[in-house]
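Take a look at the structure set out below.
The values are calculated or read from the model by the stated rules, or taken from the named source; none is laboratory data. Because the structure is predicted, anything quoted here is derived from the model rather than measured. Cβ sites come from the backbone with ideal geometry, for glycine too, and all protein chains shown count toward neighbours. Please note that ligands, DNA and RNA were not included when accessible areas were found on the heavy atoms of the full protein model with its side chains. Shrake-Rupley method; radii C 1.70, N 1.55, O 1.52, S 1.80 Å.
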Amino acid sequence: MVALVIPRRHIISAWQQIHQPHNFITHHLVHHPNILTTGYRNLRFHSLLFSSTSSSTSDIQSNNSTKSSSNKTSSQSTIYPPPPDPATFPPWSYEPRDFFHFEILHESTKSLARVGRIHTPHGVIDTPSYVAVATNAALKGVDFRSADAAGQQLIFSNTYHLLLQPGTEVVEEAGGLHNFINRRDRPLITDSGGFQVFSLAYGSVHEELSSGGELKRASKNKIQSNYTMPKGGQPKPNKPPPVKVTEEGAVFRSYRDGRMINLTPESTVQAQKSFGADIIIPLDELPPFHIDPKVLEESVDRTHRWEARSLKEHLKNVKEQAMYCVVHGGLDRKLRKKSLDYLTSLPFDGYAIGGSLGKSKGDLMELLDWMMPILNHKEGNVNNRRSKPRHLLGIADEPSILGAVKNGIDTMDACYPTRIARHGTLLSREGHVHIKSSRYSRQYGVPIDKECSCSTCQTYDRPYLWHLFKAKEPLFMTLAATHNLHYMNDLMARHRQDIIDGKI
């Protein structure tokens, strides 16, 4: 028997509700987060965060007011209807867009790699292409003019951060994101904000997969951002979950002013309409890598319902914006196939590969090796999905890029080049240059990369960059980020040529 270390007034209620652990623990997580005992810490852990039975605060209050009735019945999972049938979407939504289309220029005979061109209202994207991430509508350490000069075409901004500051009203009054950041002749993509919201609760391996080992890896004792794993192996709650997931969406607290934000499929689309990006992403749930298979299936089903709701909201006023779906399923091939088949049957303009992509690059490549041929299959192709662009979310280090390109990925985003730049790692054809090493302090006249034509390599040598980094001069970040962005775009140009030349 587990001893419940709780106030006396709760003992009777606890034993009465012992056959309803979900309601009992939800109540005490909300009202008494510090009184859970070890015996209950792991009980229904994932259900509190993921399960479609997650109750709203009003539901909990309603349960408390009708205890005598609820004590007589066992709690049951809510059964939701399946996501809408493709036939429920208007016929015109399946027709080609005149403002957005993907042109395939060349397909490899050695792999699934292809060279193409995405046409958007604000310019062309040559594919395969690297997409730089401007989290707060700003690249770290480098301005958009320098990024454009480095060959950067598509830039990714995060709805989560822009929603909190400056807010949709400010961006909309400025004439949209293109006007707000004064980048009117190049395309932009925004996400739903879901990635950042769910990262608050579950953490993410995307940045580690994309860092190529450059970033410090998360502690092995952590199973997620708000729970730690002590030696005994039982999760120990540090604080209540920062994100509450319901069928309606996700509720979280702003890190800027503490106010509660309700992110729904409809509200994130409305926000992205205000921003006016060329490509927008529907709301999806990002579960952690370690998750119960049943809970993962519930998460995938919920994501399908959310994405269908997002698409319906988008189609109310398209505004010359394209919407990509996000294929989920973790490493479960059955769920991935289910997600792929359903989402590609809807009138989305492109396909993003998201969700948990494994705990290593090996997992990612194995998943793409299996999944992309299905997406590329010519016979019985659903909704002509081979003709639509494909985006890999959050992964863009060099080894992963090559594997993704071989599998027919067209675009991929990551903070990778600018993030490692500020930690002193510079990209080159000879391998990574860790500029903090004293070995570079005497390499006079040697640029970061002898074959690079960026302004940093054409102007400065390694000893000067070594000095700037050691002196913690802000100029280093600008010079390093400029070079790394140029390197990434040059790398993609080389990959495009290699596909045409039959090398990939």
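Among residues belonging to the range 232-260 that are aliphatic (A, V, I, L, M) and modelled with pLDDT of 80 or more, point out the one that is nearest to the chain's Cα centre (by Cα). It comes out as 250. No other residue among 142, 131, 171 is under 28 Å from residue 473 (Cα atoms) and open to solvent by less than 10 Å² (accessible area, probe 1.4 Å) apart from 131. Within the range 78-107, residues that are within 20 Å of residue 387 (Cβ to Cβ) and open to solvent by less than 40 Å² (accessible area, probe 1.4 Å) have Cβ atoms under 7 Å from residues that are part of a loop (DSSP other than H, G, I, E, B) and of a type outside the set (Asp, Glu) in these pairs: 86/345; 86/346; 89/346; 89/347; 93/347; 99/121; 102/388; 102/389, counting only partners at least 6 apart in sequence or on another chain. The set of residues in the range 319-338 being in contact with a helix residue (DSSP H, G or I) (Cβ under 8 Å, 6 or more places away or on another chain) and not basic (Lys, Arg) consists of 321, 323, 325, 326, 327, 328, 329, 330, 331, 332, 335.
Taking the range 336-366 as the range and being closer than 22 Å to residue 289 by Cα and open to solvent by less than 10 Å² (accessible area, probe 1.4 Å) as the test, the residues that pass are 336, 339, 340, 343, 351, 352, 353, 354, 355, 357, 358, 364.
Here is a check on your reading of the model: is residue 277 small (Gly, Ala, Ser), within 17 Å of residue 352 (Cβ to Cβ), open to solvent by less than 10 Å² (accessible area, probe 1.4 Å) and at pLDDT 95 or above? So residue 277 fits the description; yes. Condition first: part of a strand (DSSP E or B) and among the small types (Gly, Ala, Ser). Now tell me which residues in the range 102-117 satisfy that. Of everything in the range 102-117, just one residue is part of a strand (DSSP E or B) and among the small types (Gly, Ala, Ser), namely 116.
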